[in-house]
Amino acid sequence: MDTNQVDVEYELVMELSEKDNLFDKKKKLLELKGFDPEGKVIIKSNCSAKLLNSVLEEMIQRARIIHSDEVDLYFGWNDAVHPVGFCSQRNELESLYSFFSLVDMSNGQQIKPKVLQDLRNATLDLIYKFGNNIKEDVKILVNRNLDKEKCLLQWGESNGVKSRLAIAYFEGAGRGAIASEDLEVGDIALEIPASVIISEDFVHKTSMFPVLEKVEGMSSETMLLLWSMKEKHNIKSKFKIYFDSLPETFNTGLTFGINAIMALEGTLLLDEIVQAKEHLRSQYDDLIPSLCKNYPDIFPPELYTWDEFLWACELWYSNSMKIMFSDGKLKTCLVPVAGFLNHSISPHIMHYGRVDNTTNSLKFPLVRPCKAGEQCYLTYGNLSSSHLITFYGFLPKGDNPYNVIPLDFDLSEVDNTEDTSRTSNWSTHLVRATWFSNNHVIFHYGLPPPLLEHLREARGLFPQSNVTAQENLEIELEILEDLQSTFDAMMQNLGETEPLVRENCDWDVKLALDYKDLQKQIISSIVNSCDAGRQLVENDLQKCTNSG
């Protein structure tokens, strides 16, 4: 028999995990879009190019739902009509890479069948196209001294670290990692042996552990914090070169001065910084003085000042990673060398939190290519700009989809049992900049569908309600007027920003003003969308009145 004529079937499976915290919402959405939640798709070896593209599109749509987080789902796809399109850069990268990996590993043969190779190449083309649309305008500062960083890289190499990265200083961003050669999808940019990862295991071997383990409520993270405050001064420490490479100040929101705090009046960031500092101050006062008093040999008071404590907090907030070790334990760790990698909303590296059982090392594979000399980014997580400023000290470049504003509603006024088939039974509601939305027509306005549904239901307007078109439009007008009034008040609370020459401001004031400008732009977009929506509704209402 001529095997070239045999039409072989291949099964591709992209299944939604039942362990997913958002399983019910995602399952319902997959079903709404007509997708099998078990994620099975059959493709034949001699399928046409048209059918192959159809399979590719379906699998990527599935992947977008499976890899969505709560923000993606809330602002994303809530009807059966529209396809599951692009919703965020993180989600798109995750979706493309997951399908690329699925096809790459399918069939288990070195030489892949042509149909799987075609799918692999088509997905790779989409990843390249995605990366080519990301433009970065960052200047490398060539005259900065990198001796400490080079020492750390040499130390890492002597301890088994494998790196295809170099360190550079970037204008306005500080240190970062650049690719020392062209890196492709799936390449390992960095590999760190588990032996040089700083975890709670090191604390267990010290004289402070017997003391700390008896303290009620003591967490491993707090132990590590106290250990690092002392270890940074230990000239015999295995990690001396690592500690020497760390900055003297981290310049996060936790060390904002009074002028920066005043500049943040009316913003979400102000509340976040104030709450974080109050928590840290309380933690310090409840713990450190008594340790220094009762065990001065183990906790020398001069090493455990408030300033040293705050520095250690900033170190762990801005540099720590959650790592799953070979024994199945998830630990908060510091990872020397990996700390040079900066965050981006369009990262090159997304999967780096698990120690490889075979090599007993932490690997950092690329989900999109990175050219030699280009800054190589990873993701710190799906974080708002206020969180990134508070705990990391920077405002990310580009439009951050996680800059959301929570809204406080009394949900008891809505009977959510009216329609259990809907996808949007949300317990909290959010808004974000309406420039993220492509749907600004009447009844949408660029605003999140779950929010609009909630506000309609709060006024007794359900999908099956027997209301006239005019009554419907009158309710829409009320909703938009209330929303616009709410966000007009938010804008007024931000106050007028006095024009300042940013170059002459301290770093913290400049960062505070940049964030406040961003907050105003977000709120302004919502106000403008409400206003434009009102005009759409009023026009239709006028038509109803005239026809009546």
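The values are calculated or read from the model by the stated rules, or taken from the named source; none is laboratory data. A quick note: this is a predicted structure, and the numbers were derived from the prediction, not measured. Cβ sites come from the backbone with ideal geometry, for glycine too, and all protein chains shown count toward neighbours. Ligands, DNA and RNA are stripped out before the accessible areas are found, and what is left, the full protein with its side chains, is counted by its heavy atoms. Shrake-Rupley method; radii C 1.70, N 1.55, O 1.52, S 1.80 Å.
Does Lys277 satisfy the criteria of being open to solvent by 10 Å² or more (accessible area, probe 1.4 Å), of a type in the set (Lys, Arg) and more than 30 Å from Asn403 (Cα to Cα)? No. In the stretch 404-445, of all residues being more than 27 Å from the chain's Cα centre (by Cα) and modelled with pLDDT of 90 or more, the one that is surrounded by the fewest Cβ atoms within 10 Å (Cβ to Cβ) corresponds to Val441.
When Trp77 is tested against the conditions (1) part of a helix (DSSP H, G or I); (2) out of contact with any helix residue (DSSP H, G or I) (no Cβ under 6 Å at 6 or more places or on another chain); (3) of a type outside the set (S, T, N, Q), the lone failure is (1). For the stretch 65-93, the set of residues classified as open to solvent by less than 30 Å² (accessible area, probe 1.4 Å) and within 19 Å of Val185 (Cα to Cα) consists of Arg90, Asn91, Glu92, Leu93, listed by residue number.
Which one is nearest to the chain's Cα centre (by Cα) among residues in the stretch 362-392 that are over 24 Å from Leu334 (Cβ atoms) and open to solvent by 30 Å² or more (accessible area, probe 1.4 Å)? By that ranking, first place goes to Glu374. Residue count for the stretch 369-393 satisfying the condition of being farther than 12 Å from Ile345 by Cβ and out of contact with any His (no Cβ under 6 Å at 6 or more places or on another chain): 13.
Inspection of the stretch 68-91 finds no residue satisfying the criterion of being over 22 Å from Leu29 (Cβ atoms) and not polar (S, T, N, Q).
Looking across Val211, Val185, one residue alone is assigned to a loop (DSSP other than H, G, I, E, B), touching a residue at least 40 places away in the same chain (Cβ under 8 Å) and either open to solvent by less than 50 Å² (accessible area, probe 1.4 Å) or on the phi < 0 side of the Ramachandran plot (or both). It is Val185. Within the stretch 166-182, being open to solvent by 20 Å² or more (accessible area, probe 1.4 Å) and either outside any loop (DSSP other than H, G, I, E, B) or within 30 Å of Arg120 (Cβ to Cβ) (or both) holds for Ala166, Ile167, Tyr169, Gly174, Arg175, Ile178, Ser180, Glu181, Asp182. Residues that are more than 21 Å from Gly156 (Cβ to Cβ) and under 33 Å from the mean Cα position of the chain (by Cα) do not occur anywhere in the stretch 231-245. Selection within the stretch 143-163: residues that are touching a strand residue (DSSP E or B) at 6+ places or on another chain (Cβ under 8 Å) and open to solvent by 100 Å² or more (accessible area, probe 1.4 Å). The member of this set that is farthest from Gly339 (Cα to Cα) is Arg144. Can you find even one residue in the stretch 13-35 that is open to solvent by less than 20 Å² (accessible area, probe 1.4 Å) and of a type in the set (Gly, Ala, Ser)? Scanning the stretch 13-35, I find no residue that is open to solvent by less than 20 Å² (accessible area, probe 1.4 Å) and of a type in the set (Gly, Ala, Ser), so the answer is no.
Scanning the stretch 317-332 for residues that are under 12 Å from Ser199 (Cβ atoms) and surrounded by 17 or more Cβ atoms within 10 Å (Cβ to Cβ) returns Ser320, Met321, Ile323, Phe325, Lys331, Thr332. Taking the criterion of being exposed (fewer than 12 other Cβ atoms within 10 Å of the Cβ) and closer than 16 Å to Glu213 by Cα, the only residue of the stretch 287-316 that qualifies is Asn294. Return yes when Glu136 is under 23 Å from Ala433 (Cβ atoms), in a helix (DSSP H, G or I) and either modelled with pLDDT of 90 or more or open to solvent by 30 Å² or more (accessible area, probe 1.4 Å) (or both) and no when it is not. No.
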